[in-house]
1. Return the residues of segment 40-84 that are at pLDDT below 55, in a loop (DSSP other than H, G, I, E, B) and not hydrophobic (A, V, I, L, M, F, W, C); say none if nothing qualifies.
2. Got a sec? Which of Arg53, Arg44 is of a type outside the set (Asp, Glu), surrounded by fewer than 18 Cβ atoms within 10 Å (Cβ to Cβ) and touching a residue at least 12 places away in the same chain (Cβ under 8 Å)?
3. Which pairs have Cβ atoms under 8 Å, sit 6 or more apart or on different chains, and link a residue in segment 121-137 that is without any contact (Cβ under 8 Å) to a residue 60 or more places away in the chain to one that is open to solvent by 60 Å² or more (accessible area, probe 1.4 Å)?
4. Please find, among Leu107, Leu126, Leu87, the residue that is modelled with pLDDT of 85 or more, in contact with a helix residue (DSSP H, G or I) (Cβ under 8 Å, 6 or more places away or on another chain) and assigned to a loop (DSSP other than H, G, I, E, B).
Amino acid sequence: MHDEHLAGFAEVVAAVSPSLRRLALALTGDPHRSEDAVQATLERLFLAWPRLRVRDPAAYARAALVRQVATERRRAWWRREISVEVLPETTLTGADHDGRLVLLDHLAALPQRQRHTVVLRYLEDLPVAEVATLLGCTEGTVKRAAHDGLRTLRAVLEQDRNHDREETT
């Protein structure tokens, strides 16, 4: 690979890596699987880089990541993996660590299509048409999955708030 191509790739990786990591974590709900998905996506992007001619490499990488997460989900090892109840310590920085973790937990509990739709539509702020293209479904399916996912999240978060109020009184 020529030095100019390699430099261009390094710039794109530096620019898109943080958003890919956030997206992958929101899609998978697991920091380890999300990191694996980002690395696999960047590896594929690197291999395609010399012949890649796209206007928006970030959108291309995001689409590749969504496909990577969906592919990993279909693999047999996914079904054999054992989840743990206690999350490992996190290194999140920002104002509301607990709120983020609660939201990630509730997102992870959504069915895959709803979770992917909510993440892409509201966390990544993509239009319905682009989400439909990324997920390989119709716009109506995206709208329905977004509606159902948000309704479920609102109900669960409201239950959490009510439970917290009961504990404080």
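The values are calculated or read from the model by the stated rules, or taken from the named source; none is laboratory data. Since the model is a prediction, treat every value here as computed from it, not as a measurement. Cβ atoms come from the backbone with ideal geometry, glycine included; neighbour counts cover every protein chain shown. Side chains included, ligands, DNA and RNA excluded: accessible areas come from the protein's heavy atoms. Shrake-Rupley method; radii C 1.70, N 1.55, O 1.52, S 1.80 Å.
1. The initial filter retains those residues of segment 40-84 that are at pLDDT below 55, namely 76-82.
Narrowing the set further to residues that are in a loop (DSSP other than H, G, I, E, B) leaves 81-82.
Glu81 - this is the single residue of segment 40-84 that is at pLDDT below 55, in a loop (DSSP other than H, G, I, E, B) and not hydrophobic (A, V, I, L, M, F, W, C).
2. Being of a type outside the set (Asp, Glu), surrounded by fewer than 18 Cβ atoms within 10 Å (Cβ to Cβ) and touching a residue at least 12 places away in the same chain (Cβ under 8 Å) holds for just one of Arg53, Arg44, which is Arg44.
3. Here the result reads Val128/Arg121; Val128/Glu139; Val128/Lys143; Ala129/Glu139; Val131/Arg121; Ala132/Thr138; Ala132/Glu139; Cys137/Arg113, each pair linking segment 121-137 to a residue that is open to solvent by 60 Å² or more (accessible area, probe 1.4 Å).
4. Values: Leu107 fails: assigned to a loop (DSSP other than H, G, I, E, B); Leu87 fails: modelled with pLDDT of 85 or more.
From the options Leu107, Leu126, Leu87, the qualifying one is Leu126.
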